[in-house]
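Chemist: One structure, as structure tokens, below. Some questions next.
What follows is calculated from the coordinates using simple rules that are stated; it is not laboratory data. Predicted model, so just to flag it, every value in this text is computed and none were measured. All Cβ positions, even for glycine, are placed from backbone atoms using ideal geometry, and neighbour counts span all protein chains on display.
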Amino acid sequence: MSYQVLKLIVYVFSVLSAMYGLSCFRYEKYILKGKLKQFYCLYIIVSLSLGYLLASFILDFVTIHF
């Protein structure tokens, strides 16, 4: 399997894991009335950021050469 395909799979899995992990919080208390679109934009940005960091960690950890 190509390394690029493996990277893509790890990134997609990491972003989905970050979205799943962030879904456990109750955001209803903190969302202002009429600001739902902005919240979803922030949610996507945070999920992508955390997913990228997790995927980078996993890929770096797996490719360490002793």
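Chemist: Given the options Ser56, Ser47, Ser14, which has the most mean-square fluctuation in a GNM of the chain, springs set between C-alpha atoms less than 10 angstrom apart?
Modeler: Ser56
Chemist: DSSP loop (so not H, G, I, E, B), at most 12 other Cβ within 10 Å: list which trypsin sites (Lys or Arg not before Pro) in the chain pass both filters.
Modeler: Passing both the DSSP loop test and the Cβ count: Arg26, Lys29, Lys33, Lys35.
Chemist: Specify the residue with the greatest mean-square fluctuation among Leu22, Leu36, Leu50, computed from a Gaussian network of the chain linking alpha-carbon atoms under 10 Å apart.
Modeler: Top of the fluctuation ranking is Leu36.
Chemist: Quickly work out the Gln4-to-Tyr52 label distance, labels modelled 7 Å from Cα along the C-beta direction, and quote it in nm with one decimal.
Modeler: In this crude spin-label approximation the distance works out to 2.0 nm.
Chemist: Would you please state the base-10 log of I(q)/I(0) at q = 0.12, 0.29 1/Å for the chain, with intensities from the Debye formula using one equal scatterer on every alpha carbon?
Modeler: Debye intensities relative to I(0), on a log10 scale: -0.41, -1.21.
Chemist: While we're looking at this one, here's another question. Springs between alpha-carbon pairs under 10 angstrom, Gaussian network model over the chain: which of Phe13, Phe39, Phe25 fluctuates most?
Modeler: Largest GNM mean-square fluctuation: Phe25.
Chemist: Averaging sequence separations of C-alpha pairs under 8 Å and six or more residues apart, then dividing by the length of the chain, give the relative contact order as a whole percent.
Modeler: Computed value for the chain: 54 percent relative contact order.
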